[in-house]
């Protein structure tokens, strides 16, 4: 396809085979996917920062749904993904572009009246058909990738550093995901226990909060979550204020590691609250 808008040819950068929602949020991988998809349907790309494109995106989403799969939307956060904005030559937001056959086409900047946006979208659809882009996709909610499964697989293969990198990316997308948070704590535990003699740690008898934490870590590795929690809770009453704060922080980490919805954690959290108040 010739570059009808004089933009840079991006058609060779990516492939994608996923199901797509009316509007998706882009990272580099998602952008590659949509670049390839733009050979099938035109893509409306919205560049925003600090939610300045929310109004435009809502108007476009309505039009995309009305197009019944002949058009899709992609949001790029220019503040958090500046390299993507730079690749398209975008230096201000909100900016709206189209992808047709892998090629970017500038549409407009700033918010526009709904009627004008509708007219632009119709022109994009017409240009797509004229250039042989006349496919369609099924609209629906996008299936989330199994981030936890991927990270668990990396951990099982001993690729801890890579697992940690993927986990940080996943937590940016799902900061409150209990399973991901638990995995983060598990990796931290594995690192803490890397050079620790498990049998010696299990035999620790001390009131020092750091030593107690080491013993609780060992108990967890040994498979006894209940004793790991009790080991810290039982020392709470006699601990100094400074040590209580350390013990509390250790317990909160263990809660996240075991899982905040786990019955053991719910019981231990109630006991901790009673000891604090």
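For region 127-160, taking the residues that are within 18 Å of the chain's Cα centre (by Cα) and loosely packed, with under 11 Cβ neighbours inside 10 Å, the one that is farthest from residue 98 (Cα to Cα) is identified as 149. Only one of 204, 258, 181 is outside the structural domain of residue 149 (by TED's automatic domain parsing) and closer than 24 Å to residue 151 by Cβ. Can you tell me which? Selected residue: 258, the only one of 204, 258, 181 that is outside the structural domain of residue 149 (by TED's automatic domain parsing) and closer than 24 Å to residue 151 by Cβ. For region 61-100, taking the residues that are part of a helix (DSSP H, G or I) and more than 24 Å from the chain's Cα centre (by Cα), the one that is nearest to residue 133 (Cα to Cα) is identified as 64. Report yes if some residue within region 43-51 is at pLDDT 90 or above, in a loop (DSSP other than H, G, I, E, B) and surrounded by fewer than 22 Cβ atoms within 10 Å (Cβ to Cβ); otherwise report no. Looking through region 43-51, at least one residue is at pLDDT 90 or above, in a loop (DSSP other than H, G, I, E, B) and surrounded by fewer than 22 Cβ atoms within 10 Å (Cβ to Cβ).
When every residue of region 32-42 is checked against the conditions, none turns out to be free of Cβ contacts under 8 Å to residues at least 60 places away in the same chain, touching a strand residue (DSSP E or B) at 6+ places or on another chain (Cβ under 8 Å) and either surrounded by fewer than 20 Cβ atoms within 10 Å (Cβ to Cβ) or under 25 Å from residue 137 (Cα atoms) (or both). The set of residues from region 20-31 being surrounded by fewer than 20 Cβ atoms within 10 Å (Cβ to Cβ) and part of a strand (DSSP E or B) comprises 23, 24, 25.
The values are calculated or read from the model by the stated rules, or taken from the named source; none is laboratory data. It should be emphasised that the depicted structure is a prediction, and the values quoted were computed from it without experimental measurement. Heads up, the Cβs are rebuilt from the backbone with ideal geometry, glycines too, and the neighbour counts pull from every protein chain shown.
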